[in-house]
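Here the structure is laid out as structure tokens; the discussion comes afterwards.
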Amino acid sequence: MTAISDLIVSELIEPGSLADPIALYRDVFALRPEDPAPSPRLLTALAHNGSIALGARMNGELVGFSYGFPGLDLDGGGRISSIYHYMELLVVRADQQSTGIGRALMHFLRGIALTRGLRTAQWAYDPLRAANAYFYLDVLGARGCGFAPNLYGIEDSGRDRGHPTDRVITRWDLTKPAPHWPQPPSGLTPGSPEPDPHGDSEAMLLAIPTAYEDPCGADCAALRRQVCAVLSDLITSGLQAVSCRKAGDGTSVYRLVTGAPPDSFIR
């Protein structure tokens, strides 16, 4: 257990500790009563078999939750070449987002993973959620090294119902600090890649709306398709997403630099 100010982060193992996190997840992702969610039984089984479930409480109230499980890198023969932590979910209560709770959860997770001998964590995130991209890439120092088109199929629940689940596959080297990337320029057209003036000849910038939210009509759906197609092409070509910072004009800008993704990343 660790305390940061009045925040307490701890592992969740017993069934009685896992009902509140599931309720928090359902609330933040606007799930209906009939929409599926992880069960205490599943999370308990995972926690007792090498997985990690974490809760963050402030003044006794749950304000953050994360869980994940061991992931396997397989070689060409289908044998395990390395093991990483796959984070399936990170959620912070809506009124407590951008206050350091997510960072506290992730750094607590890093400590556990390193103790277990793991060097990397991996997860998938929606590339149109600029705040998430900034947190994962700039705050933590992870890299978007793969792209998975419609990873979970068409979303049938929650806030993104009806949309494809295109995801950036992100890997975090638990042994390295987050680098600082330059402030991006403003005035870029969302969805249109441009060369990075601060990078090498292959580095690229890609603007997205900072406050993108669904549902917002056909224009947003078209922009989503365009952004995801561009990111897929850039990442597949060997670039890695390393930053997504606000540009000051209502956009956030991805920065992608050279670095071929490992074959094990989901495409």
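Which one is surrounded by the fewest Cβ atoms within 10 Å (Cβ to Cβ), of the residues in the range 123-134 that are without any contact (Cβ under 8 Å) to a residue 60 or more places away in the chain and under 13 Å from residue 171 (Cα atoms)?
125
In the range 90-124, how many residues are within 15 Å of the chain's Cα centre (by Cα) and not hydrophobic (A, V, I, L, M, F, W, C)?
Selection size over the range 90-124: 8.
Being of a type outside the set (Asp, Glu), in contact (Cβ under 8 Å) with a residue 24 or more places away in the chain, surrounded by 13 or more Cβ atoms within 10 Å (Cβ to Cβ) and on the phi > 0 side of the Ramachandran plot is true for just one of 141, 146, 187, 162. Which residue is that?
141
I'm trying to understand the selection: among the residues of the range 190-219, which are modelled with pLDDT under 90 and either of a type in the set (Val, Ile, Thr) or surrounded by fewer than 16 Cβ atoms within 10 Å (Cβ to Cβ) (or both)?
Passing the criteria: 197, 198, 200, 201, 202, 211, 213, 215, 216, 217, 218, 219.
Is it the case, given these coordinates, that residue 11 is of a type in the set (Asp, Glu) and modelled with pLDDT of 90 or more?
Criteria met by residue 11.
With respect to residue 37, is the statement that it is surrounded by 12 or more Cβ atoms within 10 Å (Cβ to Cβ) and under 22 Å from the mean Cα position of the chain (by Cα) true?
So residue 37 passes the test.
Of all residues being small (Gly, Ala, Ser) and out of contact with any Asp or Glu (no Cβ under 9 Å at 6 or more places or on another chain) in the range 52-98, which is nearest to residue 113 (Cα to Cα)? Just the residue, please.
Here the answer is 71.
The values are calculated or read from the model by the stated rules, or taken from the named source; none is laboratory data. Here the structure is a predicted model, which means the values were calculated and not measured. Positions of Cβ are backbone-derived with ideal geometry, glycine not excepted, and every protein chain shown enters the neighbour counts.
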